[in-house]
């Protein structure tokens, strides 16, 4: 991929304007998707439209998890975890640095995923508290990874919980790709999907992936008609692009 085909970050003031926190992170909220009504506990990230782009594709099979081992990095509320269980994933690893998010994600998967037909094994849901992959179980390999990272490139709050959910920036992705490359986590042919917009430094994110031996392609580009462009990237381990 030619990194120059990716847009640079939006102006700083526009990034802050678009990502200004609502001030309700520490309250109980609600979220609805796919006919599911989900309570959002205090401190757990309430998904936005970008997150729903991943949920939709996991449930539809555009990001195929059926019969596969799936790692939902930064799982937050865990809607993609529930979607993967509904789709028929073999194993789902709900991973987040925030213990309450991990517990919520696992509970939602068990509550929302429909029962399997008799004789068909249910999805195994694994709740994993980890700082990126620090804490992920050793000798575990996965076939699919998704990550909607808090990659906003400008600080929008001093609240550490807001930073954790929104604006950790591209350095977090450098750790993510370094750990994926340096640990025996990805099975042969594994796919890694990362979604981010030009409120982040897209070129830096992809450059980190390439530097750690991943090839990259744009699986989806969405224009929100307000200056924001969202990209769903698909990365695979292999020769450098």
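Values computed for the structure shown
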quantity	calculated
All-pairs alpha carbon distance profile, region 1-152, 10 Å steps from 0, percent	11, 38, 33, 16, 2, 0
Part-to-part distance (alpha-carbon centres) for region 151-204 and region 54-93, which is given in Å	19
Relative contact order (percent, whole number), the chain, Cα cutoff 8 Å, 6+ residue spacing	18
Region 52-92: mean projected area of Cα convex hull, nm²	2.3
Protection-proxy order for peptides 89-101, 66-78, 163-175, each taking the mean of Cβ atoms within 10 Å per residue, highest first	66-78, 89-101, 163-175
Candidates 110, 203, 183, ranked by Gaussian network fluctuation over the chain, Cα under 10 Å, top entry	183
Computed log₁₀ I(q)/I(0) - Debye formula, equal Cα scatterers, no solvent, region 102-233, q 0.09, 0.10, 0.11 Å⁻¹	-0.33, -0.41, -0.49
Selected from 189, 23, 88 as most flexible by GNM, with the chain as the system and alpha-carbon contacts under 10 Å	23
Separation in nanometres of the label points that stand 7 Å from Cα toward Cβ, at residue 34 and residue 110	1.8
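Values in this text are rule-based calculations from the coordinates and carry no lab data. Because the structure is a prediction, the values reported are computed rather than measured. Positions of Cβ are backbone-derived with ideal geometry, glycine not excepted, and every protein chain shown enters the neighbour counts.
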